[in-house]
1. Among the numbered criteria (1) under 20 Å from ILE447 (Cα atoms); (2) within 21 Å of the chain's Cα centre (by Cα), which one does GLY280 miss?
2. Determine whether ASP163 is within 30 Å of ASN228 (Cα to Cα) and of a type in the set (Asp, Glu).
3. Could you check how many residues of the range 171-195 are closer than 15 Å to ARG346 by Cβ and not in a loop (DSSP other than H, G, I, E, B)?
4. Go over the candidates GLY274, GLY280 one by one and state the one that is closer than 19 Å to ASP472 by Cβ and at pLDDT below 95.
5. Which condition from (1) more than 30 Å from ALA407 (Cα to Cα); (2) at pLDDT below 95 is the one that LEU161 breaks?
6. State yes or no: is GLY353 over 26 Å from LEU222 (Cα atoms) and surrounded by fewer than 24 Cβ atoms within 10 Å (Cβ to Cβ)?
7. Would you please list the contacts, defined by Cβ atoms under 8 Å and residues six or more apart or on different chains, that run from a residue in the range 196-217 that is closer than 24 Å to VAL297 by Cα to a residue that is surrounded by fewer than 18 Cβ atoms within 10 Å (Cβ to Cβ) and small (Gly, Ala, Ser)?
8. Quick check: is even one residue across the range 299-311 outside the structural domain of LEU174 (by TED's automatic domain parsing), more than 29 Å from TRP73 (Cα to Cα) and not in a loop (DSSP other than H, G, I, E, B)?
Amino acid sequence: MPDEHRPPGISNELRRPAGLRPAMIESERVHMVTQKKLNRRTVAAAAAAAPFAPALLTSTAAQDAVTLRYGLWDANQLPAYQACADAFTAANPNITIEIEQVAWDDYWTNIQTGMVSGSNYDIFTNHLAKYPEFISKNQIVDIQPFVEADGVDVTQYEGELADLWSRDGQRYGLPKDWDTIAVVYNEDMLAAAGLDASIFEEWTWNPEDGGSFREIVGQLTLDENGNNGLSPDFDSSNVQQYGLALGLGDAYGQTGWSLFAASTGWRFMDEPWGEEYHFGDERVINSVQQLADLTLVDRFNVPEEEIASLNSETVFAAGTAALMFHGSWMINWIADNVTFPFGFGRLPTGPEGRICMFNGLADSIWTGTEHQEEAWQWVKYLGSPEAQQIVGSSAVVFPAIPAAAEAALAAFDEKGLDVSPYLEQAQQENGTFLFPIADHASEYTSIMTAAMQSIALGEQSAEEALSDANEDVNDLF
C-alpha cells in the first residue's frame, strides 16, 4: 500500500496510498528457479535452516518433487529471498521454490486473475491493506493449526506485528519484516541554511502554528532571489528551492500526514479490525489543514500536482526539496539514486510525542494450492530466525525478528548508511501505532483518497472533506 515495509518514482501518489509498498521500476516478471549451486555461505545458512525442515518431510528424498510458485513484488529483496530459497531447498531437496517478482500494480492484478483462473502463486507476499478482502473470499489459508502443531513462537516478532495477521483465532501469515518512517535530508541545503543535522533530535510540531518544524521548513525554502520562506521579502510565486516534499493526497498517509496527526494522540480507529474511523476528530482535521497550508498558503512544500506526478523521492533526488519523509523500505533506492550527500533523522515531536505507523508484510498461502503442507514449510521457514538473518544481512529491509533487524542495521552501516532513526523509532516506547487494518479497505481507500486529494489541491477545507468522508467510511460498516 508497505506508505512495509513499502520505491522509486513509479506509482502516482494520487492513485495509491503512501501506506502501500510502492511499485518497483522493473515491470517484467522474473522467474527464478532455485537450482543454483550453493556457495559456502549458503550451505551454512542451509545447515542452520535444517531444524525448520518439517517433520512430515523428514524423508524428502523419497517424496515426489514439488515446485512452489512464490510471488514477490520488491525487486530489491529478490536476491535475499533467492538465498533463502537456496537454503530451504538444500534442507528440503524435493521442494523447489520458483520466485516470481512482478511490479506492484501488475502483482495484485496477477493475484486476482490467478485466483479466478486457478493458477495463482502457491505462496505470495501479502499486504495489510489487501488481506482482509482475501479472508472475506476464503482465498488464503488459516495457518493457525500449522502454527500450533509445529509450536511456532509468534511472540518472537517485533512489537505487535504478529497480531496484525490474526483475527478471531485464525492466522494468515507470519511476519517477515516491518517499516517505520524517518526524515531524509539534503546535507548541502541544510548547511547552506546554517542548520545542523542535530536539529532533528529536537524539532517539534503542533497543529496550531507548526512549531519549529514549520520554521525549519520555511528556512530551507528559497525564492529565486535567495530569500528564505521566513523573510519578509520572500516571493512565494517564484520558489527555487522547497523546504519539503510531502504528498498529502492519499488515504493512509504512512509517509506523511498520519505521523503528524498521530502525534496529537489521534488514531484512525480504536483497535485493529475496528468498525469506526475517527476522521471527524478536530485533531486530525487541524493537523491535515496545517500541512495543506504549507503548500497552499506558505508555499514551503512542493505542489501536490508535482509530487503526484513524480513522487516525493524523485522530487527529492532531483534537488527540488531539502527534506522528505520516507519509509525504511526506500533506504537502498535513496542510496542508489541520490547523488548529493544525504542523511536520515528522527521525526518531529508532536504534542503527544514522536510516532509513526508500524506496518509489516507477511507471506500467505493460497487456498487453491495443491501443496499446502509444503507451502506451510516455506512460510514457516521465512518466518524463522535463520531466514530472517539472511534477509537482514542483505541490508534491504528490517526483518520482523529483533536480532535480524539488528543484523540489518549493521549491514546498512557497512554500506556507509546510518539508518538508526528507523530502528530507534521502532524500539521507542509508544513510538509506533499499528496500521489501521479493517474490512472494506478498498472502499475506504477510494473515499479517503478522494477526500485527501481535495484538501491537498485546495478544493475543500479539511473540516469539510474529512467530516463528510468520515460519515461515508463509517457507513460501510
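1. Here GLY280 meets the rest and fails (2).
2. Numbers: within 30 Å of ASN228 (Cα to Cα): no; of a type in the set (Asp, Glu): yes.
No, not satisfied.
3. Looking only at the range 171-195, we keep the residues that are closer than 15 Å to ARG346 by Cβ, and these are 180-185, 190, 195.
Checking the rest, the ones that are also not in a loop (DSSP other than H, G, I, E, B) come to 181-185, 190.
Going through the range 171-195 one residue at a time, the tally reaches 6.
4. Values: GLY280 fails: at pLDDT below 95.
Matching residue, one of GLY274, GLY280: GLY274.
5. So the condition that LEU161 fails would be (1).
6. yes
7. Listed by first residue and then by second, the contacts come to TRP203/SER212; THR204/SER212; TRP205/SER212.
8. For the range 299-311, residues outside the structural domain of LEU174 (by TED's automatic domain parsing), more than 29 Å from TRP73 (Cα to Cα) and not in a loop (DSSP other than H, G, I, E, B): present.
The values are calculated or read from the model by the stated rules, or taken from the named source; none is laboratory data. For clarity, every value in this text was computed on a predicted model and none was experimentally measured. No Cβ is skipped: glycine too gets one built from the backbone with ideal geometry, and neighbour counts run over all protein chains shown.
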